[in-house]
Amino acid sequence: CRWCPFGSNTCGRHHQSPINLERNRGIEGHPEETICIDSHWMKYEDSTCTWDQLVDRKAFTIERHALKITQPIEPAPNGLRIACPTTASTGRRFGRIDFSKGFADWWFLSHIDIKIPSEHHQDGKQYSAEAQLYHFYSITGEEAGVDNEMATVSIFMEVYDDAPPYPFLDRVICQWRKAEEEVRELCNVPSAPPYPGCWNPTRGHTNAPSPTPGSFPTAGNVTSFSGTRQRNLRTHNQDETINARSAYSVFAENAKKGNASSYQRIVLDDINYREADWTEEQWEEWIAKLSAEGRDAGYTTQDGRVLLEGDHLPFHNYQFLIDSRTEYYFRYGGTQTVPPCYGPFTAGSRGNTNHWRMIKDPIRIHARQLAEMERLLKERRAPPDAQFNACEIDTAGTVLNDGRF
């Protein structure tokens, strides 16, 4: 995604993302000080998707460029809708967030990408990882007077020597490992090494030796390991192996078509457009309560237990934003960092802009968590039915000579 060369003066009011964020913009009296025009913090509300629904819909995937959590969609009578039914009579709802200044309507959550290392820098520093929450606007471009606007709320993560493992991140790591194991099993590749807190796959083999690290068989050259090994080959229904599809993927496909009559539509129930669930006072009370409790509140059961797979943990589709524990952020208009690369500047328009909201402070994570996310991306394999590189290592990342990702 490189439409505005570095140093060019033809970029208009948009920036080529990612950029380096400079804190001097918020220092009073500094030559680079910029007045913040936002009048309130970002307020966000959960979707109807529960943790179990995300798991069942295979919303946790390992993509070539990122670790991903999708708000799944499915066919509806007049288009596509969020695939998270609820027993409530109010209908289905995407996660939604309210931006200050310039946007009178809600932004809806499409998916979350975890990029390693961070794409953005802050005062020249690159962070260990970056969680990017992608959103689409709740009204059409025609109604808003602009076209194809998207938005991303981004949260840095950073390894600290004294930081304990971040519990919610471990919970999603376990789900990415399950997605990885499914592909490895279909490709007849040994399971990944164990990871603390996650169930380890057995595949029904007994007395099986541990494979040498890094000696993974390929699809066309499967190594036979000695010992008794009886694999439980599963029969997969096609519908069960299809990963969740996001609203963003629909917009990307529409952009390729160029013919509005063939566009696919996202259908939104009325609940998506209703007023905020809470008043300003209720929202402020909730934020104050979270701040007082600290980041790890609720991360153990009442009797102090910690369960495998993180089943005891609280869940919110904006959990990363909750756990950032700050309401301070940078804002700028730029591009997306993955195709179809929304962003080329059009005079007098916000068309194709990606609106970034960059949370100032990082979430603290443990070194083992970063190492496991790097491994998941580094050892990603294309599924056996992939058009290219079936069952082979297939990642957009770069593996350095010393093995680092």
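The values are calculated or read from the model by the stated rules, or taken from the named source; none is laboratory data. Predicted model only: the values in this text are computed from it and were never measured. Cβ placement follows ideal geometry from the backbone for every residue including glycine, while neighbour counts extend to all protein chains displayed. Quick note on the areas: whole protein, heavy atoms, side chains included, nothing else; ligands and nucleic acids left out. Shrake-Rupley method; radii C 1.70, N 1.55, O 1.52, S 1.80 Å.
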Report task. Using a 10 Å cut-off on Cβ atoms, rank the peptides 180-189, 157-166 from the highest mean neighbour count down. Result -> 180-189, 157-166
Query raised in the report: Distance in nm between label sites at Lys289 and Ile322, each 7 Å beyond Cα in the beta-carbon direction?
Result: 1.1 nm
Query - Segment Ile37-Lys101, length gained on full extension (0.36 nm per residue, minus Cα span) - result: 22.3 nm
Query raised in the report: With the other protein chains left in place, how much accessible area per residue, in square angstrom, belongs to the stretch 26-67 at a 1.4 angstrom probe?
Result: 57 Å²
Query - 24 Å Cα-Cα reach of Lys58 towards lysines, excluding residues that sit fewer than 8 places from it in its own chain - result: Lys68, Lys115, Lys178, Lys378
Query raised in the report: Which peptide among 316-325, 75-84 comes first, and what is the full order, when sorted by highest mean count of other Cβ atoms within 10 Å?
Result: 316-325, 75-84
Query raised in the report: Using 0.36 nm per residue, how much length does the chain from Arg274 to Phe315 gain when fully extended, once their Cα-Cα distance is taken away?
Result: 12.5 nm
